[in-house]
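Asker: My questions will all concern the structure given below.
The values are calculated or read from the model by the stated rules, or taken from the named source; none is laboratory data. These numbers come from a predicted model, not from an experiment. Note that each Cβ is placed from the backbone with ideal geometry, even for glycine, and that neighbours are counted across all protein chains shown.
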Amino acid sequence: MPLTDPTPIIYQNLNNALDLAERNNKPEPEKKGLLYSPKVNKPKEDVDASNPMNRVASYVSKIRNLRNEISNG
Amino acid sequence: MADIPQPLLDAPIPGQSLTAEFGARPWQSPPQYATIEEALDYYIPRLQSDEVTAQLLDVLEMGIPVTVVANTMQLGSVMEGKHTVDVGMLALPVLTELIMLIADTAKIKYTTGLEDDSKLRGSLIDRAVEEFKQTTEPTEEPEDTVVKTEEQKPKGLMARN
């Protein structure tokens, strides 16, 4: 059967990418201890805004937040 | 009954795309909106208008999935030469979210089209149960065809007479 509606695939892939980005952006718990050597944290790479996929992801997450606000009252 | 693939009788005939002069179709000329932002600037005011919103909610209440509505919208715009197919693919998730936002705001129930396909429809389950019942119903057994064999007397060293 030919693929006539790519929307579910695109939407699902974007969801997965958003979930992954959210997991990666979580702050790491502070490590303390005698053997802990503080390293200089690398600055996180900024999201490449020139990539249209990233821009779309940001739009989708903004609209989703609005939706969540509405559905959660 | 298994789904038998049907021939696509309404498909275009080979060479049909060459029956019009190149560039005569809207999608063969440069698009009106080249970027995703331009395309969204075209879609969002349309989706926010009262007329379109009312029609959209009617369609969703009829049970048409959100993904199908979003895809139809972008495909129509591609055919009108508003934007390219690529921009249409980029606009799809945003359109889907926007439509769901409008439906949530109006507090109507809708189908997203992203539901798990493994869920079986109720009618399918009923049909399967009916078929199963038919196959397992006790049928009249033919007359006893089992031939009783004569009891064989045990033989052997330990046999009791």
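Asker: If I ask for residues that are of a type in the set (Asp, Glu), touching a Lys or Arg at 6+ places or on another chain (Cβ under 8 Å) and within 14 Å of chain A (Cβ to nearest Cβ), which ones from region B:51-106 would you list?
Answerer: Answer for region B:51-106, where residues must be of a type in the set (Asp, Glu), touching a Lys or Arg at 6+ places or on another chain (Cβ under 8 Å) and within 14 Å of chain A (Cβ to nearest Cβ): B:97, B:104.
Asker: Give just the number: which of (1) surrounded by 12 or more Cβ atoms within 10 Å (Cβ to Cβ); (2) more than 26 Å from residue A:3 (Cβ to Cβ) does residue B:80 not satisfy?
Answerer: Of the numbered conditions (1) surrounded by 12 or more Cβ atoms within 10 Å (Cβ to Cβ); (2) more than 26 Å from residue A:3 (Cβ to Cβ), the odd one out for residue B:80 is (2).
Asker: Picking from B:119, B:107, B:133, which residue would you name as being at pLDDT 90 or above and surrounded by fewer than 10 Cβ atoms within 10 Å (Cβ to Cβ)? First the steps, then the outcome.
Answerer: Values: B:119 fails: at pLDDT 90 or above; B:133 fails: at pLDDT 90 or above.
Within the list B:119, B:107, B:133, the selection yields B:107.
Asker: Identify, please: which residue in region A:10-23 is exposed (fewer than 13 other Cβ atoms within 10 Å of the Cβ) and of a type outside the set (S, T, N, Q) and is, among those, nearest to the other protein chains (Cβ to nearest Cβ)?
Answerer: So the residue we want is A:19.
Asker: Residues in region B:49-80 that are closer than 19 Å to residue B:93 by Cα and out of contact with any helix residue (DSSP H, G or I) (no Cβ under 8 Å at 6 or more places or on another chain): how many?
Answerer: Qualifying residue count, region B:49-80: 4.
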